[in-house]
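Report on the following structure.
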Ligand code: SF4
Ligand code: SF4
């Protein structure tokens with residue numbers, strides 16, 4: 001017997017202690033045992049309608065569904081034996097009766113639970129000889145989601161997500177028997193700004209993304225576990241890339257940041273990474289030059305200007321990039337250290353009012369947040385300006401206050417020295433997300449072979465200013481330098497931050 005609100009049970013011959021109230025799927029998960037399930041999701045209400053999570057519990061005459069059975073002290077449960085497998089085989093047979101043989105043309109292939117469970121728990125043959133029931137395919141649920149009724153197994157995950165998490169309650173079950181389908185209640189189009197999460201939730205290919213569908217088979221893609229940079233939340237994501245192009249972004253579980261979700265805006269905001277018109281080599285006075293030449297010219301301009309220069313950083317830069325920029329300011333005697341801080345409406349679920357990933361890091365590293373009027377930049381000789389993302393920029397009138405400009409930008413533009421800007425998926429580094437959480441960006445690819453990250457380019461400028469400076473050899477070493485320079489980073493390591501981030505130390509972070 002267990003006390004302290006815990007219960008101890010035996011699963012497949014092994015004892016496990018779990019908090020009271022834990023269901024049998026989660027109890028088995030503690031032992032690394034996967035109980036198959038379609039309709040169960042830990043963040044949604046339990047409905048117990050798919051019946052594939054059948055398990056045997058001693059003392060109970062019938063097989064039980066693990067999602068809706070609470071672990072009890074002394075319980076003896078089996079997730080695998082002939083009786084359980086027979087039960088699951090029966091469930092699979094019912095699910096497949098009217099399911100179309102669509103796998104070869106279905107976007108879900110390779111990440112489909114119906115495929116996986118048919119393989120592991122199905123009979124391998126069909127006894128069904130009649131014509132399958134046909135239902136609407138390729139049904140538009142708006143500009144982001146496409147519904148295929150034949151593939152739907154009526155698990156209701158999508159219905160519950162929209163009701164319980166997104167709060168829009170837009171989808172319901174319609175009709176009965178083998179004609180049953182789903183409908184979008186209002187005018188047939190979804191409205192939730194979180195609607196694309198139902199595509200990830202759908203265990204089969206019934207809900208597909210209009211943006212991603214038919215672009216690539218899963219097994220031709222590579223994946224990077226990184227974060228979204230469209231607001232300060234820093235939702236954890238997995239980015240799918242192929243041929244040096246981003247094809248999709250999906251949420252990655254992080255209980256301390258985004259749970260299992262992300263907003264549609266962040267999910268779809270990656271066009272810049274695939275832009276073929278982006279700048280790929282540095283320019284001096286409009287001519288393409290090697291990085292070393294551009295770095296030397298930038299250093300010369302900054303040295304000459306001294307405190308009549310200003311630096312306008314970007315809150316899309318990593319801590320490591322901002323740190324090198326700070327060292328450049330120190331070396332060149334630049335006092336005016338600013339950053340553009342885009343803000344806008346947030347919501348109560350995830351979307352944050354800070355529309356960049358690292359305003360906190362910029363503030364910690366001594367840059368002052370300004371709006372687009374940028375009062376701090378008046379009559380100056382040299383402006384060192386790292387542009388933020390598309391659509392956010394200093395007005396030309398502000399830039400024109402500077403006699404000379406050193407600019408990092410995505411596209412060709414006027415500047416004395418112009419460095420190509422990289423996107424969040426082309427670099428390793430860290431940011432300080434909402435809740436003062438340090439999180440890692442992970443490089444998925446490099447769009448142009450010759451492109452250097454802002455950190456590497458800025459390190460070259462710093463080397464040209466300070467002969468003794470050695471660039472960091474690895475992202476981990478660059479992080480160590482930040483951690484050594486900032487008290488709130490004390491005790492954090494690059495490895496320790498890991499794939500799920502870590503909270504900053506005890507010190508207060510400037511607002
Ligand atoms: S569309 Fe997908 S998530 Fe929604 S009920 Fe059908 S199978 Fe489940
Ligand atoms: S809430 Fe913010 S971080 Fe999360 S997906 Fe949306 S824009 Fe990206």
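The values are calculated or read from the model by the stated rules, or taken from the named source; none is laboratory data. Please read all numbers here as calculations on a predicted model, not as lab measurements. Here the Cβ positions follow ideal geometry from the backbone for every residue, glycine too, while neighbour counts run over all protein chains shown.
Below is a table of values for the structure above.
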| item | result |
| --- | --- |
| Strands (runs of 3 or more DSSP E) enclosed by segment 189-274 - at least 1 residues per element that are within 11 Å of ligand 2 (Cβ to nearest atom) | 222-227, 236-242, 245-251 |
| Segment 342-354, residues that are in contact with a strand residue (DSSP E or B) (Cβ under 6 Å, 6 or more places away or on another chain) and crowded, with 21+ Cβ neighbours inside 10 Å | none |
| Within segment 347-415, strands (runs of 3 or more DSSP E) holding 1 or more residues that are under 34 Å from the mean Cα position of the chain (by Cα), more than 16 Å from ligand 1 (Cβ to nearest atom) and under 22 Å from residue 295 (Cβ atoms) | 380-386, 402-409 |
| Residue in segment 150-162 that is farthest from residue 44 (Cα to Cα), counting only those that are in a loop (DSSP other than H, G, I, E, B) and within 10 Å of ligand 1 (Cβ to nearest atom) | 151 |
| Exclusive hit being part of a helix (DSSP H, G or I) and out of contact with any strand residue (DSSP E or B) (no Cβ under 8 Å at 6 or more places or on another chain), set 25, 52 | 25 |
| Every residue from segment 132-178 that is in contact with a strand residue (DSSP E or B) (Cβ under 8 Å, 6 or more places away or on another chain) and within 16 Å of ligand 2 (Cβ to nearest atom) | 144 |
| Segment 275-292: number of residues that are at positive phi and either within 16 Å of ligand 2 (Cβ to nearest atom) or in a helix (DSSP H, G or I) (or both) | 0 |
| Verdict on residue 452 being part of a loop (DSSP other than H, G, I, E, B), more than 16 Å from ligand 1 (Cβ to nearest atom) and farther than 27 Å from residue 354 by Cβ | yes |
| Qualifying position, being in contact (Cβ under 8 Å) with a residue 12 or more places away in the chain and either touching a helix residue (DSSP H, G or I) at 6+ places or on another chain (Cβ under 6 Å) or not assigned by TED's automatic domain parsing to the domain that holds residue 288 (or both), among 435, 491, 444, 498 | 444 |
| Subset tally (residues that are surrounded by fewer than 24 Cβ atoms within 10 Å (Cβ to Cβ) and touching a strand residue (DSSP E or B) at 6+ places or on another chain (Cβ under 6 Å)) for segment 233-245 | 3 |
| Residue, nearest to ligand 1 (Cβ to nearest atom), within segment 125-149, restricted to residues that are farther than 26 Å from residue 193 by Cα and touching a residue at least 12 places away in the same chain (Cβ under 8 Å) | 135 |
| Flag if residue 237 is more than 10 Å from the chain's Cα centre (by Cα) and farther than 26 Å from residue 413 by Cα | no |
| Complete set of residues in segment 416-438 that are more than 14 Å from residue 273 (Cβ to Cβ) and surrounded by 24 or more Cβ atoms within 10 Å (Cβ to Cβ) | 417, 418, 419, 429, 430, 431, 432, 433, 438 |
| Test: residue 295 is buried (at least 23 other Cβ atoms within 10 Å of the Cβ), in a helix (DSSP H, G or I) and touching a helix residue (DSSP H, G or I) at 6+ places or on another chain (Cβ under 7 Å) | yes |
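Yes or no, residue by residue, for (1) closer than 25 Å to residue 52 by Cβ; (2) modelled with pLDDT of 95 or more; (3) surrounded by fewer than 15 Cβ atoms within 10 Å (Cβ to Cβ):
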| residue | (1), (2), (3) |
| --- | --- |
| 137 | yes, yes, yes |
| 154 | yes, yes, no |
| 163 | yes, yes, no |
| 166 | no, yes, no |
| 169 | no, yes, yes |
| 172 | yes, yes, yes |
